[in-house]
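The values are calculated or read from the model by the stated rules, or taken from the named source; none is laboratory data. What you are looking at is a predicted structure, and each value in this text was computed from that prediction instead of being measured. Positions of Cβ are generated from backbone atoms using ideal geometry, with glycine treated the same way; all protein chains shown enter the neighbour counts. When the accessible area is computed, the model is the full protein with side chains, heavy atoms only, and any ligands, DNA or RNA have been set aside. Shrake-Rupley method; radii C 1.70, N 1.55, O 1.52, S 1.80 Å.
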Amino acid sequence: MATKVPVGVLGATGAVGQKFIKLLENHPWFELTEVAASDRSAGKKYKEAATWRQYTPIPDSIKDKTVKPCEPGLDCQLVFSGLDSSIAGEVEENFARAGYLVLSNSKNHRMDTDVPLLVPDVNPDHLGLIKTQRQQRGWKGAIVTNPNCSTAGLVLPLAALYRTLGVRRVIVTTMQALSGAGYPGHSAIDMLGNVIPYISSEEDKVETEPLKILGALRDGAIQQADFRVSAHTNRVFVEDGHTECVSIELDKKASPAEVASIFAGYKSVPQEMKLPSAPERPIIVTEERDRPQPKFDREAGGGMSAVVGRIRECPVFDIRFVVLSHNTVRGAAGAAILNAELMQQVDY
Ligand SMILES: NC(=O)c1ccc[n+]([C@@H]2O[C@H](COP(=O)([O-])OP(=O)(O)OC[C@H]3O[C@@H](n4cnc5c(N)ncnc54)[C@H](OP(=O)(O)O)[C@@H]3O)[C@@H](O)[C@H]2O)c1
């Protein structure tokens, strides 16, 4: 692209906001021109407002930028949102109404019937919902969402199986990283030597979002996929990377080797289009018996690949495996950036 597209980040000081800043540094198509956050941060220089928790320094182009309030008037037409869900719904609507494209990480609008819950490797055609959204709401802009961080990793292998063998029932147990709860999240004393078997409203998201993502767009609406998901979600003492143990009942039986081959061969539109954030392989199959592990596998494909291992028969359902994905990259900022890249390349 000859000229880069100016973009902003709402919630730029938070865990997801910081990941946006890191991933947008040196992006070939987008230039981060605006950072915005709450009244606590607005008016301060970014380096004073944010408790920076990335392993590389704050980009020079951002550290002295003044944080703005999350109100339309930002000098860009596309904003990424890493806003706290307590305010994201209303703020994102204000931006879309004012003509901005809003790429949101928050739960607020994900299940709205006229808002795409987009995973470019799975349902790029769902961008067609924007037409419905603009007709119904009279907006010049639009809201496009990406899934919950656990759904994001799960839905890649699920899509590969749903479209080849058919899926009837899914049981998934998650082991979710601390960074998924934002910064500072749980206290160390609560987490050390511990597992917390409850994450507020997470199970509902993991049970419902895949059905919308794998649904079919017909006549401007999504007809949801008709399988069922049962989720157990847990917070564990891991910094980044969500691990999920999955058992699936299939329509058409298949051996572990056949399932591994379906996963390894899965490619989609972002790979064909060579979008800058698209991993070469959305699903990487590991054959080592004790992998994937968050410490070693979360950066696979630049944090955008789901790593699947331990594919074996299930004595209750048909097939079981472990999937790992990076919760703030594929599960948050990287997903929204991939959505924006797709939107630069297709009509909607
Ligand atoms: N962490 C993950 O792995 C993950 C994955 C997927 C989706 N998400 C979702 O992404 C969103 C952000 O999560 P996070 O983990 O980054 O949270 P976080 O670290 O708590 O950051 C929240 C951000 O929202 C801003 N904010 C809070 N109240 C505000 C207000 N009243 N007006 C304007 N800005 C306000 C904060 O600004 P100040 O610093 O100024 O307070 C901060 O920039 C949430 O909706 C979360 O559910 C998170």
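From the residues A181, V206, V9, which one has its Cα farthest along the dipole of the chain in the positive direction, the dipole being from +1 and -1 charges on Cβ of Lys/Arg and Asp/Glu about the Cα centre?
My answer, from the dipole projection, is V9.
If contacts are Cα pairs under 8 angstrom and at least 6 residues apart, what is the relative contact order of the chain in percent?
Values: 808 pairs, mean separation 59.3, N = 348.
Relative contact order here is 17 percent.
For C70, which sequence-distant residues (separation of 5 or more, or a different chain) have an amide H within less than 5 Å of its own amide H, given hydrogens modelled in the peptide plane?
A37
When the expected Rg is taken as 2.2 N^0.38 Å, what fraction or multiple of it is the alpha-carbon Rg of the range 212-348?
On the way: Rg = 16.1 Å, N = 137, 2.2 N^0.38 = 14.3 Å.
It is 1.13.
Write down the accessible area per residue of the range 217-348 in Å², having rolled a 1.4 Å probe over the full set of protein chains. Provide the component values of the computation, followed by the final result.
Working: 6060 Å² over 132 residues.
That works out to 46 Å² for each residue.
Could you tell me what a quarter of the Cα convex hull surface of the chain works out to, in nm² with one decimal place?
In nm², the orientation-averaged hull projection of the chain is 16.9.
Quick check on the range 61-215: take the gyration tensor over C-alpha atoms, sort the square-rooted eigenvalues as a ≥ b ≥ c, and tell me if it's rounded (a/c under 1.5), prolate or oblate. Each step should come with its number before you reach the end.
Values: a/c = 2.27, a/b = 1.14, b/c = 2.00.
Oblate shape, in that a/c is at least 1.5 and b/c is the bigger or equal ratio.
Could you give me the ³J(HN,Hα) list for the range 208-222, computed from phi with Karplus coefficients 6.51, -1.76, 1.60 and θ = phi - 60°, whole Hz, x at Gly and Pro?
9, 4, x, 5, 6, 4, 8, x, 9, 7, 9, 6, x, 9, 9
What's the angle, to the nearest 10 degrees (0 to 90), between helix 15-24's Cα axis and the longest principal axis of the chain?
80
So if the hydrodynamic radius of the range 1-103 is defined as the Kirkwood radius over C-alpha pairs, what does Stokes-Einstein give as its diffusion coefficient at 20 °C and 1.002 mPa s, in µm² per second?
On the way: Rh = 13.5 Å.
In µm²/s, the coefficient is 159.
Would you mind checking the tilt of helix 334-345 against the longest principal axis of the Cα atoms of the chain, expressed as 0 to 90 degrees and rounded to 10?
Between helix and principal axis, roughly 80 degrees.
Taking the Cα centre of the chain as origin, work out the dipole magnitude from +1 charges on Lys and Arg Cβ and -1 charges on Asp and Glu Cβ, in debye rounded to 20.
Numbers: 39 positive and 42 negative charges, 25 e Å.
For this selection, approximately 120 debye.
How large is ³J(HN,Hα) for each residue in the range 32-41, as worked out from phi by the Karplus curve 6.51 cos²θ - 1.76 cosθ + 1.60 (θ = phi - 60°), to whole Hz, x for Gly and Pro?
Working through the residues one at a time gives 6, 10, 9, 10, 9, 7, 6, 4, 5, 9 Hz.
Whole Å is fine, so just give me how far the alpha carbon centre of the range 258-328 lies from that of the range 183-256.
What the calculation gives is 15 Å, centre to centre.
Please work out the average accessible area per residue across the range 9-102, using the 1.4 Å probe convention, and give it in Å². Each step should come with its number before you reach the end.
On the way: 4330 Å² over 94 residues.
For the range 9-102, the per-residue accessible area is 46 Å².
Would you work out the charge dipole size for the range 175-265 about its Cα centre, treating the Cβ of every Lys and Arg as +1 and the Cβ of every Asp and Glu as -1, and quote it to the nearest 20 debye?
Details: 7 positive and 14 negative charges, 32 e Å.
Dipole of the range 175-265, to the nearest 20 debye: 160 debye.
So, with a 1.4 angstrom probe, what is the percent of accessible area on the chain that is carbon and sulfur?
Numbers: 7230 of 15090 Å².
C and S atoms contribute 48 percent here.
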